[in-house]
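The values are calculated or read from the model by the stated rules, or taken from the named source; none is laboratory data. The structure displayed is predicted, hence computed values, not measured ones. Every residue, glycine as well, gets a Cβ built from its backbone with ideal geometry; the counts of neighbours run over all protein chains shown. Just the protein is used for accessible areas: all its heavy atoms, side chains included, with ligands, DNA and RNA removed. Shrake-Rupley method; radii C 1.70, N 1.55, O 1.52, S 1.80 Å.
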Amino acid sequence: MKFLPDTIDISKVQTLLYHFLDGKVLQLEIKDIKQLNTLEFELGRFCDTSDINGILHFYPRGNS
C-alpha cells in the first residue's frame with residue numbers, strides 16, 4: 001500500500017524518521033522526491049516538521 005498524505009510538501013523533506021514500536025528509529029536520508037514517493041507505509045501517522053528541520057516522522061499504527 002502506498003500512502004503519503006497530500007498535505008505534506010515533500011519537496012522540503014530531507015530525512016524520514018520511522019519510529020518502530022520498540023522505540024528504535026530508522027533514519028532514511030531522502031536524496032530526491034521520487035525516492036520518498038516510492039516508499040510504502042503501513043497504517044499510521046505522520047508528523048511533518050520539514051518546515052523547521054527537514055524531517056518527516058512516521059509512527060506506525062499502535063505507536064501513534
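Structure notes:
- Top-ranked residue of segment 10-24 - restricted to ones that are surrounded by fewer than 11 Cβ atoms within 10 Å (Cβ to Cβ) and of a type outside the set (Gly, Ala, Ser), ranked as modelled with the lowest pLDDT: Leu21
- In segment 41-64, the residues that are within 17 Å of Asp9 (Cβ to Cβ) and modelled with pLDDT under 90 form no Cβ pair under 9 Å with any partner that is acidic (Asp, Glu) and open to solvent by less than 40 Å² (accessible area, probe 1.4 Å), whether six or more places apart or across chains.
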